[in-house]
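K.L.:
Below is one structure. I have some questions about it.
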Amino acid sequence: MSRLDRRTLLAGAAGAAALPLIARDGLAQAPMQVGFVYVGPVGDHGWTWTHNQGRLALEKELGAKVKTNFVENVAEGPDAERVNRQLAQAGNKLIFTTSFGFMQPTARVAKQFPNVYFEHATGYTRDKNLATYNARFYEGRAVIGTIAGIMSKSGKAGYIASFPIPEVVMGINAFTLAARKVNPKFEVKVIWASTWYDPAKEADAAKALIDQGCDMITQHTDSAAALQAAEQRGVFAFGQASDMKSFAPKAHLTAIVDDWSQYYIDRTKLALDGKWASHDVWGGIKDGFVKIAPYNDAVTPEARAAADKVKNEIVAGTLHPFTGPIKDQKGVERLKAGEKASDEAMNKMDWYVEGVQS
Amino acid sequence: MTTAILISIVMTILVAATPILLAALGELVVEKSGVLNLGVEGMMLCGAVCGFGATALSGSLFIGFLAATLAGVAAAMIFAVLSLHLTANQVATGLALTIFGVGVSSLIGKPFVGRTVGRLEPFFPAYLSEHPLLRLVFGYDILVYAAIALTFAVAWFLRSTRPGLVLRAVGESDSSAHVIGYPVIAIRTAATAFGGALAGIGGAYFSLALTPMWADRLTAGRGWIALALVVFASWRPRRLLLGAWLFGAVMTLELQAKAMGATWLAPEFLAMLPYLATVAVLTLISMRRAGAEGGAPACLGKPFAA
């Protein structure tokens with residue numbers, strides 16, 4: 001008897017589970033669900049915050065046509081796979097996963113749900129229903145490096161970095177190259193924080209760098225803590241991922257701002273029209289993925305002009321931040337005079353240019 | 001290395017140790033009464049967000065720290081009601097409190113993301129800290145001094161006062177204390193509230209002194225370090241002070257070594273140092289106190305129902 005009961009119960013449960021599916025198919029105008037998987041909290045005012053701004057812009061632009069869902073603080077690894085699968089099962093037709101470490105979990109779930117479109121930020125694994133997208137942050141690093149090179153009195157900048165992955169290495173190199181172009185003796189001291197997010201540690205790292213004579217602070221971690229430390233000690237700093245002027249009105253010279261809004265809107269529209277196709281996009285300043293925040297009044301006219309020139313030349317395609325001759329820390333020539341680094345070479349970058357103390 | 005850098009390093013260490021010391025000191029008193037509250041991180045986050053919010057709205061750091069204290073106590077009272085009065089499992093309740101604290105602080109903090117407030121400034125007038133050596137003594141905010149003073153006050157309270165003795169008795173043998181006529185649950189609730197208050201202030205030290213802003217998970221796991229410190233100090237307040245400084249030193253020196261360009265040391269090795277230090281000290285302590293209980297209160301974590 002009891003077994004029979006359980007079977008009936010299971011059948012009933014299965015029927016109940018199928019009901020919403022039928023109901024959803026019946027409503028032709030039901031909004032398309034778009035899912036977002038975030039590695040950090042939406043309140044970090046950094047990386048995840050900018051992706052969430054993109055999601056909000058998407059909702060604003062497409063209104064009733066879409067419904068967005070997001071999951072924040074998702075650990076890189078098995079958890080990410082579970083979250084992806086749940087979002088796909090819950091009816092999300094398009095899912096953006098926004099951290100490098102979500103690459104394999106996203107790829108695995110994409111195979112299991114061929115009718116769901118996946119988009120993975122900063123990765124390189126693609127599939128028929130898995131696209132990748134990234135931003136050329138190094139272009140922004142070249143702009144702020146130029147400002148640092150001109151405005152630094154000590155000729156030393158402090159760089160708080162997270163982990164030595166190509167993305168971060170590329171940023172350090174682009175910043176250093178740009179600064180050394182205007183000040184050939186410029187040095188960049190790197191502290192590896194071994195975390196993306198730990199405000200107190202980021203602030204302490206900034207203090208340590210300032211103690212060592214750095215008067216320009218920049219970071220590839222997610223909080224604004226380093227800027228506050230710079231403000232307190234009276235040196236300059238740059239915002240990361242979003243405009244962080246409110247945290248350090250005097251120290252904040254400018255910021256590299258990530259802007260995913262247009263990309264999320266464009267891709268969702270394609271999915272709505274049934275024209276979505278997998279691709280690989282690496283957008284820079286020209287494409288609106290990377291923006292430079294308004295300059296602080298403290299930025300000298302000379303630095304302003306030089307930074308604008310670098311920015312305009314990058315947009316025009318006449319300047320590539322990684323143009324040879326480039327030597328690495330050990331003095332080995334990595335790029336010959338006039339040679340430009342390929343996207344592939346940059347994505348594998350595991351060496352530092354001259355002037356980096358890492 | 002110049003004197004200026006050395007002084008700056010020492011000051012960074014003392015400041016970095018302060019919030020951990022405050023939270024750990026509170027937890028020490030809680031554990032001495034026989035209660036294991038693993039929700040320190042959650043209470044710190046509640047304190048951090050309420051302290052920041054109250055300061056942002058009122059413009060007063062005093063009101064901010066007051067709000068942080070009350071928020072910490074309120075969070076601790078959730079724990080007290082569940083685990084002391086309803087005798088729920090303390091470990092599970094404490095962990096739940098941390099998860100709750102992460103969530104509720106994020107919720108409360110939503111309107112405050114991206115804002116900043118004036119930070120807690122040094123306690124003594126600026127002219128006293130013009131000279132670097134004087135700065136070493138007079139250059140801190142009030143909580144750095146208060147935390148150190150409180151450490152000695154707690155040590156004195158536990159060792160030399162009657163209420164301190166009663167608190168320890170409740171932690172060592174709850175049934176005996178109950179038989180003599182002491183209100184075990186009430187004493188434990190009071191200790192838990194004290195722990196919550198200090199955790200709240202410790203949390204607010206992040207959002208009002210170290211990095212005057214609110215961002216989700218601002219304390220980034222310092223509550224767990226505070227918990228470890230209590231064991232590390234084998235439940236002795238003054239050893240807690242040394243432990244907090246040692247932790248602050250290892251955390252700061254790691255960054256300083258990198259900034260100075262100790263490139264012969266892999267950054268991964270330097271990042272390991274705080275944990276290596278923990279393992280080393282814990283091993284030393286356990287070797288010396290082989291056979292003994294390591295100083296843990298006998299009734300730690302055990303539920304008590306009268």
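All of the numbers you see were taken from the coordinates with simple rules; none came from a lab. Keep in mind the model is a prediction, meaning the values are calculated, not measured. Don't worry about glycine lacking a Cβ; one is built from the backbone with ideal geometry, like all the others, and counts go over all protein chains shown.
K.L.:
Can you work out the Karplus-derived ³J(HN,Hα) for every residue in region B:120-133? Use 6.51 cos²θ - 1.76 cosθ + 1.60 with θ = phi - 60°, whole Hz, and x for glycine or proline.
P.N.:
5, 8, x, 6, 8, x, 4, 5, 6, 10, 6, 6, x, 5
K.L.:
So, R0 is 56 Å and r is the distance between the beta-carbons of B:Leu284 and A:Asp297; what FRET efficiency does that work out to, to 0.05?
P.N.:
E(calc), rounded to 0.05, equals 0.50.
K.L.:
Let me ask you something else. Once amide H atoms are built 1.01 Å from N in the peptide plane, which residues 5 or more positions from A:Gly35, or in another chain, come under 5 Å H to H?
P.N.:
Here A:Asn69, A:Lys93, A:Leu94, A:Ile95, A:Phe96 satisfy the definition.
K.L.:
Any chance you could get the radius of gyration and Dmax over the Cα atoms of region A:96-244, in Å?
P.N.:
So, for region A:96-244, Rg and Dmax equal 17.6, 57 Å respectively.
K.L.:
Can I ask one more? Using Cα atoms only, what is the angle between the long axis of helix A:137-151 and the major principal axis of chain A, expressed in degrees (0 to 90) to the nearest 10?
P.N.:
30
K.L.:
What length, rounded to one decimal in nm, is gained on full extension from B:Leu133 through to B:Phe62, with 0.36 nm per residue of separation minus their alpha-carbon distance?
P.N.:
22.7 nm
K.L.:
Mind checking the mean number of beta-carbon atoms from other chains within 10 Å of the Cβ atoms in A:223-230?
P.N.:
4
K.L.:
Which whole-number percentage describes the relative contact order of chain A, with Cα contacts under 8 Å and a sequence gap of 6 or more?
P.N.:
For chain A, the relative contact order is 17 percent.
K.L.:
Which helices of chain B meet both criteria: a Cα extent of 18 Å or more along the helical axis and a mean Kyte-Doolittle score no lower than 1.6, with helices taken as whole DSSP H segments?
P.N.:
B:3-32, B:61-79, B:142-160
K.L.:
Using a 7 Å offset from the Cα along the Cα-to-Cβ direction at both A:Lys336 and B:Leu242, what is the distance between the two label points in nm, to one decimal?
P.N.:
6.4
K.L.:
Report the FRET efficiency, 1/(1 + (r/R0)^6), for A:Gln112 and A:Asp308, where r is their Cβ-Cβ distance and R0 is 51 Å, rounded to 0.05.
P.N.:
My answer for the efficiency is 0.60.
K.L.:
Treat every Asp and Glu Cβ in the protein assembly as shown as -1 and every Lys and Arg Cβ as +1, leave all other atoms uncharged, and give the resulting dipole magnitude about the Cα centre to the nearest 20 debye.
P.N.:
660
K.L.:
Sticking with this one: Report, to the nearest 10°, how far helix A:199-211 tilts away from the longest principal axis of the Cα atoms in chain A, using its own Cα long axis and a range of 0 to 90°.
P.N.:
It is inclined by approximately 10 degrees.
K.L.:
I've got another one for you. Pull out a ≥ b ≥ c, the square roots of the eigenvalues of the alpha-carbon gyration tensor of region A:194-244, then state rounded if a/c is under 1.5, prolate if not and a/b is larger than b/c, and oblate in the remaining case.
P.N.:
oblate
K.L.:
Taking amide H atoms as placed 1.01 Å from N in the peptide plane, list the residues 5 or more away in sequence, or in a different chain, whose amide H sits under 5 Å from that of A:Phe322.
P.N.:
Here A:Ala341 satisfy the definition.
K.L.:
May I ask for the net charge around A:Gln212, where only other residues with Cβ less than 9 Å from the Cβ of A:Gln212 are counted and Lys, Arg are +1 while Asp, Glu are -1?
P.N.:
Surrounding charge for A:Gln212 is +1.
K.L.:
What average count of beta carbons from other chains do you get within 10 Å of the Cβ of residues in A:210-221?
P.N.:
That works out to 2 on average.
K.L.:
For the protein assembly as shown, what proportion of DSSP beta bridges, expressed in % and rounded to the nearest 5, is antiparallel?
P.N.:
If I count the DSSP bridges inside the protein assembly as shown, around 20 percent turn out antiparallel.
K.L.:
Sticking with this one: Considering every Cα-Cα pair within region B:2-156, what fraction, in whole percent, is farther apart than 23 Å?
P.N.:
Across region B:2-156, Cα pairs with separations above 23 Å total 48 percent.
K.L.:
Related question: Fewest to most neighbouring Cβ within 10 Å: what's the order for A:Met103, A:Met32?
P.N.:
By the 10 Å Cβ count, ascending: A:Met32, A:Met103.
K.L.:
Right, something else. Cut-off is 10 Å between beta-carbons; in what order do A:Tyr295, A:Tyr38, B:Tyr275 appear when sorted fewest neighbours first?
P.N.:
B:Tyr275, A:Tyr295, A:Tyr38
K.L.:
Tell me the chymotrypsin sites (Phe, Trp or Tyr not before Pro) within region A:95-160 that lie in a loop according to DSSP and have at most 14 other beta-carbon atoms within 10 Å.
P.N.:
A:Tyr124
K.L.:
Next question. Helix A:301-316 sits at what angle to the longest principal axis of chain A, using alpha carbons and giving 0 to 90 degrees rounded to 10?
P.N.:
50
K.L.:
How crowded by other chains is A:187-196, given as the mean number of beta carbons from other chains within 10 Å of each beta carbon?
P.N.:
Partner-chain Cβ atoms within 10 Å, mean over residues of A:187-196: 4.
K.L.:
Right, here's the next one. So for B:Cys46, A:Cys214, B:Cys299, fewest C-beta neighbours within 10 Å to most, what's the order?
P.N.:
If I rank by nearby Cβ atoms, fewest first, I get B:Cys299, A:Cys214, B:Cys46.
K.L.:
Go ahead and run the numbers for FRET between B:His178 and B:Phe152, Cβ-Cβ distance against an R0 of 35 Å, rounding to 0.05.
P.N.:
0.70
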